[in-house]
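To keep things clear, I will list the structure first and then write my remarks on it.
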Amino acid sequence: MVKEEIKKRVIELKKDINYHNYRYYVLNDPVVSDYEYDMLMTELKEFETKYPDLITPDSPTQRIGEELIGKFSQVEHTIPMLSLENTYSYEEVHKFDKRMQRELGTKPAYTVEPKIDGFAVSIIYQDGILIQASTRGNGIVGDDITNNIRAIKSVPLRLLGETRHIVSLHKNLMNIEVRGEVVMPKNSFDRINKEREQQGEPCFANPRNAAAGTIKHLDPKVVAKRNLDMIVHTIPDPPENFTDHYTLLIELSKIGLKTNPHIKLCTSIEEAIEFCTEWEPARWNLPYEVDGMVIKVNSFAYQKQLGFTIKNPRWAVAYKYPATQITTKLENIILQVGRTGTITPVAVLAPVRLGGVTVSRATLHNADEIARKDIRVGDTVFIERSGEVIPEVIKPVTDNRTGEEKVFILPDHCPACGSKLVRYEGEVAWRCENLSCPPQIERRIGHFASRNAMDISGLVMS
Ligand code: IVH
């Protein structure tokens, strides 16, 4: 192939791979197999190795940039990154609606969408290319996290405007600033915390902290491994040919950006409230954490008319769901033996209703965590539940102590088979090393038959 032909092929490969990334990471609906995708990537990498001058910043091979030495540089936001006014009851939401009607002199339409419990970021595209990303910081100035954002696979390095999907409408969207939430999906959070626990590193308190800690990591390679996601929810300066939030978000999703599909356009506040109620239990099924719903006046003209206070837009409000933390009594601590012999202390609790289910067990992670948090049997403890994630004991309420509480001491023998427990240097977990320990055998069989292993349906483990 002559250089001109190679150049053409490289452009085609980049376009195709970017499009397949969008299908896979944004739409969760791939149109090629992993193998075909890998073949395209390999072909592109080969050309780029041979002709480095053909490497461009929007190439899918360029997601992971250089590690930062020192700190992030600062970025000033052209439009401040504000926060939302919170409400905690439907009565307050009705009041918000009354205020909107009074100020606008009419009943506005509202959009309602999940309030994602993530980490706010802003991304700027110029001529369709991602050129800068920053954190909210103090709302005026944030950190330049461009290299880390580029490591998130659902964030397009180049918008799809110039591909086969071109619509003239989208031309105006090639120079745009978008804002949204970076999240760590709940399953990645569980996996990463498990790994950290095994390696004796401190666990992240929740997915939000994990997302924040990851996006501010100095090494983009770490970000890439942590499987973050990013959902766009705001366009601070909407292009003039768009009249409303709902339509603009739909168009953004067509040019490659991941927006929230669970958005509803409502013609009355009653309909908006009904949608909030519907999502209170449903939010637990989402892969990321949601702590409320955001209600926005849909029309950009009305938004402009309503304007901002120093802290918040006047045209939006967050309705926050009731907390998922509660206190209860820690009645006992029992030990569970895992598949690989890891001993996990489990809290036996006085049953309480929390987030729609009755909770009577919660994880305590490991003996070190119990000691660090000074959790004693008989304590009143705070427990927290976030979705399908196993409830966990957060901390004791020390004011409630009577003196009867008992400090937990990990036995030195396995509760199931009596073997001596061991702990390897640098690990927090204690283990039973007896391969014939009954609960370990049971869990090994369960693991062997499980979906990710042999996938033997019908073998139900107790
Ligand atoms: S709209 C002016 N929509 O919640 C801010 N924000 O305090 C307009 N958030 O800082 C934001 N999900 O980072 C909006 N669907 C959503 C959201 C959302 C989460 C964050 C946002 C904001 C904070 C509110």
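The values are calculated or read from the model by the stated rules, or taken from the named source; none is laboratory data. Not measured: the values here are computed from a predicted model. Every residue, glycine as well, gets a Cβ built from its backbone with ideal geometry; the counts of neighbours run over all protein chains shown.
Here are some notes:
- Against the numbered list (1) at negative phi; (2) crowded, with 17+ Cβ neighbours inside 10 Å, residue 339 comes up short only at (2).
- All conditions in (1) assigned to a helix (DSSP H, G or I); (2) over 27 Å from residue 321 (Cβ atoms) hold for residue 30, with the sole exception of (1).
- Test: residue 216 is of a type outside the set (S, T, N, Q), surrounded by fewer than 16 Cβ atoms within 10 Å (Cβ to Cβ) and touching a residue at least 24 places away in the same chain (Cβ under 8 Å): yes
- The one condition from (1) among the polar types (S, T, N, Q); (2) more than 16 Å from the ligand (Cβ to nearest atom); (3) closer than 30 Å to residue 86 by Cβ; (4) modelled with pLDDT of 95 or more that residue 400 does not meet is (4).
- Members of region 220-238 that are surrounded by fewer than 17 Cβ atoms within 10 Å (Cβ to Cβ) and within 20 Å of residue 159 (Cβ to Cβ): 236, 237
Residue-by-condition table, conditions (1) closer than 16 Å to residue 76 by Cα; (2) surrounded by 21 or more Cβ atoms within 10 Å (Cβ to Cβ); (3) at pLDDT below 95:
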residue	(1), (2), (3)
103	no, no, no
116	no, yes, no
121	yes, yes, no
124	yes, no, no
135	yes, yes, no
138	yes, no, yes
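- Taken across region 128-145, residues that are of a type in the set (Val, Ile, Thr), part of a loop (DSSP other than H, G, I, E, B), under 25 Å from residue 319 (Cβ atoms) and in contact (Cβ under 8 Å) with a residue 60 or more places away in the chain do not occur at all.
- Taken over region 165-184, residues that are modelled with pLDDT under 90, more than 29 Å from residue 286 (Cβ to Cβ) and surrounded by 15 or more Cβ atoms within 10 Å (Cβ to Cβ) amount to 2.
- Checked against the criterion of being in a strand (DSSP E or B), more than 16 Å from the ligand (Cβ to nearest atom), more than 22 Å from residue 406 (Cα to Cα) and β-branched (Val, Ile, Thr), the candidates 358, 344 yield just one match: 358.
- Pairs are defined by a Cβ separation below 6 Å, a sequence spacing of at least 6 or placement on different chains, a first member in region 296-317 that is touching a residue at least 40 places away in the same chain (Cβ under 8 Å) and over 25 Å from residue 137 (Cα atoms), and a second member that is more than 9 Å from the ligand (Cβ to nearest atom) and among the small types (Gly, Ala, Ser); the pairs so defined are 298/109.
Okay, residues lined up against (1) out of contact with any helix residue (DSSP H, G or I) (no Cβ under 7 Å at 6 or more places or on another chain); (2) of a type in the set (A, V, I, L, M); (3) at pLDDT below 95; (4) loosely packed, with under 10 Cβ neighbours inside 10 Å:
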| site | (1), (2), (3), (4) |
| --- | --- |
| 426 | yes, no, yes, yes |
| 441 | yes, yes, yes, no |
| 444 | yes, no, yes, no |
| 450 | yes, no, yes, no |
| 454 | no, yes, yes, no |
| 462 | yes, no, yes, yes |
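- Any hit, region 195-207, residues being free of Cβ contacts under 8 Å to residues at least 40 places away in the same chain, within 18 Å of residue 151 (Cα to Cα) and aliphatic (A, V, I, L, M): no
- Hits in region 334-354 (condition: among the charged types (D, E, K, R) and without any contact (Cβ under 8 Å) to a residue 40 or more places away in the chain): 353
- Scanning region 23-40 for residues that are surrounded by 15 or more Cβ atoms within 10 Å (Cβ to Cβ) and more than 25 Å from residue 259 (Cβ to Cβ) gives a single hit, 40.
- Residue 180 vs. criteria closer than 21 Å to residue 308 by Cα, within 16 Å of the ligand (Cβ to nearest atom) and in contact (Cβ under 8 Å) with a residue 24 or more places away in the chain: yes
- Put simply, of 363, 380 the only residue that is buried (at least 16 other Cβ atoms within 10 Å of the Cβ), under 30 Å from residue 285 (Cβ atoms) and hydroxyl-bearing (Ser, Thr, Tyr) is 363.
- Helices (runs of 4 or more DSSP H) enclosed by region 230-325 - at least 2 residues per element that are among the polar types (S, T, N, Q), more than 13 Å from the ligand (Cβ to nearest atom) and under 25 Å from the mean Cα position of the chain (by Cα): 245-254
- Within region 420-450, being assigned to a loop (DSSP other than H, G, I, E, B) and closer than 10 Å to residue 337 by Cβ holds for 434, 437.
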